[in-house]
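So the structure is just underneath, and the comments pick up after that.
The values are calculated or read from the model by the stated rules, or taken from the named source; none is laboratory data. All values derive from a computational prediction rather than experimental measurement. Neighbour counts run over all protein chains shown; Cβ positions are idealised from the backbone, glycine included. Side chains are part of the model used for accessible areas, which takes the heavy atoms of the whole protein and leaves out ligands, DNA and RNA. Shrake-Rupley method; radii C 1.70, N 1.55, O 1.52, S 1.80 Å.
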Amino acid sequence: MSVRRLVVTADDFGAALAVNEAVERAHTQGILTAASLMVSGEAAQDAVARARRLPGLGVGLHVVLADGRPVLPPDQVPALVGPDGWFHPSMVRTAFAIALSPAARAQMRAEVAAQFAAFADTGLALDHVNAHKHFHLHPMIAAAIIAEGRRHGLPAIRMPAQAGTGMMEHWARLLGRQWRKGGVATNDNVAGLIQTGAFTADRMAAALAALPEGLTELYTHPATVDAYPGSAPGYRYRAELAALTDPGVIAALRASGVETGPFAQFAGRAR
């Protein structure tokens, strides 16, 4: 008999009040079971306060090395940031710098450690880890995250592998096998990668109706507005919030018989 389990996550928790409000609403009124916290986000303190009153919400670390600002002072990570002190806008440039420069690698590891430390300072239990824009598909970034994560009792890391995404799926599954061999739990599949920014109710219901065997992470980007500082142009944040709380989606999940929860609930079975 096949066993299907599901973690429903929201990325960018702490990026803005609009995101935090959506996370709380999607958890209390919908199907959301976990959220990934940007510890250097503009609304990180508000996110932590909300998480403390939502004990059923699994909160993980959303490591940011692109499209955001570092936890460390910019002069401590000069290889990773631009003149404005934020991470360099080109992920390709940053990826090559980390791969080719020992100094950049050391700065990356220091920043990853600082973000884990900032999460630990919140007092929240660490449910999982992933990286903004899936930057942990860079093997050196993944290695740094896992090494630091072990010091903080890391239960699980996201494997962004969805059928139909070509080489990205194959690479993610290769890394996922390595992570499991190293004793770190991860999901078997992802739903929402192809639908990123437009995971509407009909698409979400269809994804729930076709969940494969194993542990699936259904990840989303909800917010109460479609534009806020740092938002991605064209993303339908409000539609994703509506999907997470849609009666039809809730009914589809219940009808599926899938066990749901945060990553920590399944980590021992996902290794």
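A few points about this structure:
- Remark: residue 234 matches the filter, which requires a residue to be closer than 28 Å to residue 41 by Cα, open to solvent by 10 Å² or more (accessible area, probe 1.4 Å) and at pLDDT 95 or above.
- Applying the condition of being open to solvent by 10 Å² or more (accessible area, probe 1.4 Å) and in a helix (DSSP H, G or I) to the range 262-271 and asking which residue is farthest from residue 194 (Cα to Cα) yields 268.
- Residue among 262, 222 that is touching a residue at least 24 places away in the same chain (Cβ under 8 Å) and farther than 24 Å from residue 142 by Cα: 222
- None of 48, 39, 71 is open to solvent by 10 Å² or more (accessible area, probe 1.4 Å), in contact with a helix residue (DSSP H, G or I) (Cβ under 7 Å, 6 or more places away or on another chain) and in a helix (DSSP H, G or I) except 48.
- Test for residue 8: is it under 16 Å from the mean Cα position of the chain (by Cα) and open to solvent by 20 Å² or more (accessible area, probe 1.4 Å): no
- No other residue among 145, 157 is closer than 18 Å to residue 266 by Cβ, surrounded by 18 or more Cβ atoms within 10 Å (Cβ to Cβ) and modelled with pLDDT of 95 or more apart from 157.
Residues checked against (1) open to solvent by less than 10 Å² (accessible area, probe 1.4 Å); (2) over 13 Å from residue 19 (Cα atoms); (3) in contact with a Gly (Cβ under 9 Å, 6 or more places away or on another chain):
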position	(1), (2), (3)
182	no, yes, no
188	no, yes, yes
211	no, yes, no
218	yes, yes, yes
229	no, no, no
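- Qualifying residues in the range 237-261 (those that are in a loop (DSSP other than H, G, I, E, B), closer than 17 Å to residue 211 by Cα and of a type outside the set (A, V, I, L, M, F, W, C)) - the one least open to solvent (accessible area, probe 1.4 Å): 261
- Failed condition for residue 94, given (1) of a type in the set (Val, Ile, Thr); (2) open to solvent by 20 Å² or more (accessible area, probe 1.4 Å); (3) without any contact (Cβ under 8 Å) to a residue 60 or more places away in the chain: (2)
- Residue 193 vs. criteria assigned to a loop (DSSP other than H, G, I, E, B), under 15 Å from the mean Cα position of the chain (by Cα), surrounded by fewer than 23 Cβ atoms within 10 Å (Cβ to Cβ) and touching a residue at least 24 places away in the same chain (Cβ under 8 Å): yes
The rows are residues; the columns are (1) closer than 27 Å to residue 89 by Cβ; (2) modelled with pLDDT of 95 or more.
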residue	(1), (2)
205	no, yes
212	no, no
225	yes, yes
229	yes, no
242	no, yes
252	no, no
256	no, no
259	no, yes
268	no, no
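- Checking the stated criteria, residue 64 turns out to be more than 25 Å from residue 249 (Cα to Cα) and under 20 Å from the mean Cα position of the chain (by Cα).
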